[in-house]
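Written below as structure tokens is the structure these notes are about.
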Amino acid sequence: MTQEKILEINALKTQFKTKKGIAKVVDGIDLTVYKGETLGIVGESGCGKSMTSLSILKLIPEPGEIVEGSITLNGENLIKKTEKEMREVRGNHISMIFQEPMTSLNPVISIGEQIAETIRQHQGLGKKEANKRAIEMLELVGIPSPERRAKQEPFQLSGGMRQRVMIAMSMACNPEVLIADEPTTALDVTVQSQILKLMKNLQEKLNMGIIFITHDLGVVAETCDNVAVMYAGEIIEQSTTEELFKDPKHPYTKGLLNSLPKIYENQDKLVAMKGNIPSPNVEHKGCKFADRCPIAQPECLESRPSLLSYENGEYQVRCFVYEKEHSRKEESYG
Ligand SMILES: Nc1ncnc2c1ncn2[C@@H]1O[C@H](COP(=O)(O)OP(=O)(O)O)[C@@H](O)[C@H]1O
Ligand SMILES: [Mg+2]
């Protein structure tokens, strides 16, 4: 099966001008999303996952701005689009769900009305039709007694039910791409697992491309076809999920995998390895990970490694040490 590209991001850079200088929160990112597939973006808190997703929708808060790169949806560059055109993109082509549904739901309007309103705006349906479709959507996302639930306000629902409502809303326009930014982080493990299954089901039905953002490698294993590992605004490794778990290449990825808990617990978080992500304000001459890296060489402090492709593009790694190791292997086989 040939994969069909739906969204392509090239050399994307997003920056904030701050009192402490320029914060490079997204620092030259390349990503490709295919129809019917899930691309995971994984990395510690603060590495730029949310800024990447907000950049794709051009929802970066002031004074942040995209300073470079392209975002191509169905062959059209979103960077060139006006705010009005972007609203159309957000309504009909790319949807987003966030970690905390309470902040995106209106607390005093029934969930049925909120979904119906979204449907009316984006599909131009009449009130009655939209209400009917809203109830169908609630049913689709597995909310029991959808007619009764539609009349309830968000606070009357559990966290898991609210996240289902958010999914229903984001699906209402049949998006081609769904960006899910830590959609299950606030939920307990059982509910999390149900929500992930639900998203998979909807993806199969609608052939959506999904960008799934998480700090949790366990969730990546369960959910994603491909995965990009982010560190300090950059991608440091990218491959299929299978390859990443079988044979991680970058020392940061190895560190993340080593910190995975063997048994799941409710609050499982990445047990961060020694040190912290550098602030996006800091200028780096060398590799951004060098000061935490257990195998850093002098050259790693001298210049920035690029994200290189290996094995005909099967995976990508941004690491001098890996690059050398790989070429040594090639020579000894060659
Ligand atoms: N409004 C802002 N101004 C300046 N820096 C910001 C702003 N919002 C976020 N950042 C910085 O951008 C970086 C990436 O943040 P974010 O994308 O939210 O990380 P993640 O989602 O991976 O936890 C962080 O260093 C954060 O402090
Ligand atoms: Mg985030």
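Within the stretch 33-52, the set of residues being away from ligand 1 (no atom under 13 Å from the Cβ), of a type outside the set (Phe, Trp, Tyr) and more than 12 Å from the chain's Cα centre (by Cα) comprises Lys35, Gly36, Glu37.
Residue count for the stretch 1-15 under the criterion of being surrounded by fewer than 19 Cβ atoms within 10 Å (Cβ to Cβ) and either closer than 18 Å to Gly313 by Cβ or within 9 Å of ligand 1 (Cβ to nearest atom) (or both): the result is 8. If you filter the stretch 88-98 down to residues that are in contact with a helix residue (DSSP H, G or I) (Cβ under 9 Å, 6 or more places away or on another chain) and surrounded by 17 or more Cβ atoms within 10 Å (Cβ to Cβ), you find that the one that is modelled with the lowest pLDDT is Phe98.
Going residue by residue through the stretch 41-61, is there one that turns out to be β-branched (Val, Ile, Thr) and away from ligand 2 (no atom under 14 Å from the Cβ)? Looking for residues that are β-branched (Val, Ile, Thr) and away from ligand 2 (no atom under 14 Å from the Cβ), one finds none in the stretch 41-61, hence no.
Here Leu57 fulfils each of the conditions (1) within 16 Å of ligand 1 (Cβ to nearest atom); (2) surrounded by fewer than 16 Cβ atoms within 10 Å (Cβ to Cβ) apart from (2).
Every test in (1) more than 25 Å from the chain's Cα centre (by Cα); (2) in a loop (DSSP other than H, G, I, E, B); (3) within 21 Å of Gly160 (Cα to Cα) is passed by Leu125 save one, and that test is (3).
Where strands (runs of 3 or more DSSP E) sit wholly within the stretch 1-67, those with at least 2 residues that are more than 19 Å from Met96 (Cα to Cα) occupy 5-18, 21-34.
Can you confirm whether Val191 is in a strand (DSSP E or B) and either away from ligand 2 (no atom under 16 Å from the Cβ) or not β-branched (Val, Ile, Thr) (or both)? No. Checked against the criterion of being modelled with pLDDT of 95 or more and either closer than 24 Å to Thr240 by Cβ or assigned to a loop (DSSP other than H, G, I, E, B) (or both), the candidates Pro305, Pro278 yield just one match: Pro305. There is no residue in the stretch 193-207 that is within 16 Å of ligand 1 (Cβ to nearest atom) and surrounded by fewer than 20 Cβ atoms within 10 Å (Cβ to Cβ).
Count of the stretch 139-155 residues, restricted to those that are part of a helix (DSSP H, G or I) and within 12 Å of Gly112 (Cβ to Cβ), is 7. Tell me whether the stretch 142-161 contains one or more residues that are in contact with a strand residue (DSSP E or B) (Cβ under 8 Å, 6 or more places away or on another chain) and of a type in the set (Gly, Ala, Ser). Among the residues of the stretch 142-161, not one is in contact with a strand residue (DSSP E or B) (Cβ under 8 Å, 6 or more places away or on another chain) and of a type in the set (Gly, Ala, Ser), which makes the answer no. Suppose the filter is away from ligand 2 (no atom under 16 Å from the Cβ), over 17 Å from Ser95 (Cβ atoms) and either buried (at least 17 other Cβ atoms within 10 Å of the Cβ) or not polar (S, T, N, Q) (or both); does Pro175 pass it? It is false that Pro175 is away from ligand 2 (no atom under 16 Å from the Cβ), over 17 Å from Ser95 (Cβ atoms) and either buried (at least 17 other Cβ atoms within 10 Å of the Cβ) or not polar (S, T, N, Q) (or both).
The values are calculated or read from the model by the stated rules, or taken from the named source; none is laboratory data. Only a predicted model underlies this, so the values are computations on that prediction, with no experimental measurement involved. Note that we place each Cβ from the backbone using ideal geometry, even for glycine, and neighbour counts take in every protein chain shown.
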